[in-house]
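Data block below; observations after.
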Amino acid sequence: MTEGYIKFNCDWMQEEFPFQEEIFSQLETARTKLYKLGLIGMYPDGIGFGNISVKTGEGSSFIITGSATGQFEKLDQSHYALVTGYDFDKNSISCSGLTKASAESLTHAAVYESLPEIGAVVHVHCLWLWEKLLNNYPTTSDEIEYGTPEMAYAVGKLASEINGRKEKVIVMGGHREGILAFGNNLIEATSQIINIYNQYKHE
Ligand SMILES: [Zn+2]
């Protein structure tokens with residue numbers, strides 16, 4: 001059965017949200033490390049990739065890098081968005097901020113939804129690493145495409161299955177180059193990706 005494609009829908013309140021300086025600085029520290037390795041960035045055609053998020057402690061809301069921010073080495077607070085609600089079946093989110101939340105916010109939401117103790121999620125793109133990890137690490141089906149409710153469900157399910165493991169990394173089989181990691185905080189989530197990157201870099 002082929003399911004109809006449900007367009008990603010973002011209910012955006014274009015206004016500033018409360019953003020603690022300390023959280024912002026933690027996000028930037030983590031993002032800069034990933035940016036320097038090219039795990040967050042921009043393709044030659046101008047499309048940005050990679051995103052990073054952190055739970056704010058209030059309900060299910062989280063702060064995530066905004067859409068089309070991949071190319072910037074440094075972000076300011078206006079490049080981030082607060083996701084305040086989401087609906088997987090409708091492929092929709094509600095957010096506020098001066099930039100719209102990333103279209104991949106639902107994948108982050110899926111991890112937070114299945115594992116309430118998780119505090120941060122990192123999603124990067126890296127072709128060579130993706131090819132090495134594909135089906136060697138927990139991998140979502142190659143039939144599940146980026147930006148679909150199915151991807152969110154698949155990632156949420158895998159996340160809860162591997163939470164007891166040391167390495168909390170998911171390869172997105174149907175999202176070429178896409179890799180996701182999570183942890184109790186930004187340092188942990190970022191280290192997950194960087195450790196694997198360093199481990200496979202020399203192989
Ligand atoms: Zn992606």
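The values are calculated or read from the model by the stated rules, or taken from the named source; none is laboratory data. Note that this is a predicted model, so its numbers are computed, not measured. Every residue, glycine as well, gets a Cβ built from its backbone with ideal geometry; the counts of neighbours run over all protein chains shown.
Numbers below:
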read-out: Failed item, numbered, when GLU104 is tested on (1) modelled with pLDDT of 95 or more; (2) charged (D, E, K, R); (3) within 19 Å of THR65 (Cβ to Cβ); value: (1)
read-out: Residue match in segment 30-41 (condition: in contact (Cβ under 8 Å) with a residue 12 or more places away in the chain, aromatic (Phe, Trp, Tyr), farther than 21 Å from TYR146 by Cβ and part of a helix (DSSP H, G or I)); value: no
read-out: Every pair of residues 6+ apart whose Cβ atoms lie under 8 Å, when the first sits in segment 166-191 and is under 14 Å from TYR112 (Cβ atoms) and outside any strand (DSSP E or B) while the second is among the small types (Gly, Ala, Ser) and within 14 Å of the ligand (Cβ to nearest atom); value: LYS168/ALA181; ALA189/ALA181
read-out: Pick from segment 117-141, criterion out of contact with any strand residue (DSSP E or B) (no Cβ under 9 Å at 6 or more places or on another chain) and farther than 24 Å from GLY70 by Cα, ranking: nearest to the ligand (Cβ to nearest atom); value: SER141
read-out: Members of segment 47-72 that are away from the ligand (no atom under 15 Å from the Cβ) and modelled with pLDDT of 95 or more; value: VAL54, LYS55, SER61, PHE62, ILE63, PHE72
read-out: Odd one out for ALA110 among (1) away from the ligand (no atom under 15 Å from the Cβ); (2) not in a loop (DSSP other than H, G, I, E, B); value: (1)
